[in-house]
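Structure, as structure tokens:
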Amino acid sequence: MTTAPASSAQPGPPTAEPAKPLRGEVPAATGLFWGVTCVACVLALWFVGTADGMRLGAGPEAETSGPETRLISPATLPSPAETLAALRTTFGERRLVANTLVTLRRVCLGFGLSGLVGVPLGVLAACFPAVRSFIAPLTIFGRNIPVAALIPLTFFFFGIGEFQKMMFLFIASVAFVVSDTTAAVLEVPQRYVDTALTLGASRLQIILKVLVPLAAPAIFNSLRLLFGIAFGYVMLAEVVKLGGDTGGLGDLINVSQRRGEREPILIVLVVIPLVAYAIDRALWWLQCDLFPHRYGGRGLLPRLVGSLLHGATASTEAP
């Protein structure tokens, strides 16, 4: 019996490395590096564009430098050094901290009211098609109207005081809250509703114990993102202030513009995103903690509230 010779294994072509996904994530250190690089590039461009240049010439004008030799005029954009020099005045005489707190209070009141009204209305619109059809014209109108056009309208109805600013923020953001809440509830899979119906749950029980808890993470995430938009809207609400009250960051920008001061405007434009980002990160931590099953948080706050409620119940039932 003749044995066939073993065929030698031929090396195949080298296996190509899998391509990196188009929508993948980068490591935290890499992301931080690129973020810092972006900020450094912006600061470098700012420094170069506002640095005093050198003008060569003959006679007494030879090798002179000054603001007139800049690429960007100081009347248009001050240099980083000039902006830093104005920090003391902006924090002192211009009361930057007090104005920031006033702006935050207005945003919290106006946007908080839109959440109190918009979230329940959005839940009703998602659960009942008749309600959804009824409020559809209002939500479409509210989402597409230019926000600046609401300023004179709120002046007519609510005057010029704090109530007008709160109502302006409410009207400007409530349509978005309603629409996003409706979408979040509608995205809950139907199988959960069918299971609750099979178990004999009523409509109210399905809404409160099935739809709202399952949609709560998406609703909270939407509110977190919309809060940043409302923080930008408040600049329009503060175009007018009443008497000598603290006008907020928007009023600080308007006063600086009328005086021809560029440095306070730049400082405020840096403070606004920093404050908004800090609030967004705080809300993101709260979001992860409230919904650990969705965002991977520790769930410290729900456990704390649960333990407090359990302790209160036990003390009530004790003889």
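Derivation of every value follows stated rules applied to the coordinates shown; laboratory data play no part. What you are looking at is a predicted structure, and each value in this text was computed from that prediction instead of being measured. Positions of Cβ are backbone-derived with ideal geometry, glycine not excepted, and every protein chain shown enters the neighbour counts.
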Original post:
At a Förster radius of 35 Å, what calculated FRET efficiency corresponds to the Cβ-Cβ distance of Leu43 and Ile151, to the nearest 0.05?
Top reply: 0.50
**OP:** Mind giving me the nanometre distance, one decimal, between the label points for Leu269 and Ile229, set 7 Å out from Cα along Cα→Cβ?
**Re:** 2.3 nm
**OP:** Order by neighbour count: Lys165, Lys241, Lys209, fewest other Cβ atoms within 10 Å first, most last.
**Re:** Lys209, Lys241, Lys165
Subject >> HN-Hα J in Hz across the stretch 277-292 - Karplus 6.51, -1.76, 1.60, θ = phi - 60°, x for Gly and Pro >> reply: 5, 4, 5, 4, 5, 5, 5, 5, 4, 5, 5, 5, 6, 6, 10, x
Subject >> Cα-projected label distance for Leu286 with Asp194, points at 7 Å along beta-carbon direction, nm >> reply: 3.7 nm
Subject >> Derived scalar couplings ³J(HN,Hα) [the stretch 219-231; Karplus, 6.51 cos²θ - 1.76 cosθ + 1.60; whole Hz; x for Gly, Pro] >> reply: 5, 5, 4, 5, 4, 4, 6, 5, 4, x, 5, 4, 5
Original post:
If you project the alpha carbons of the stretch 95-261 onto their three principal axes, what span does each projection cover, largest first, in Å?
Top reply: 69, 30, 21
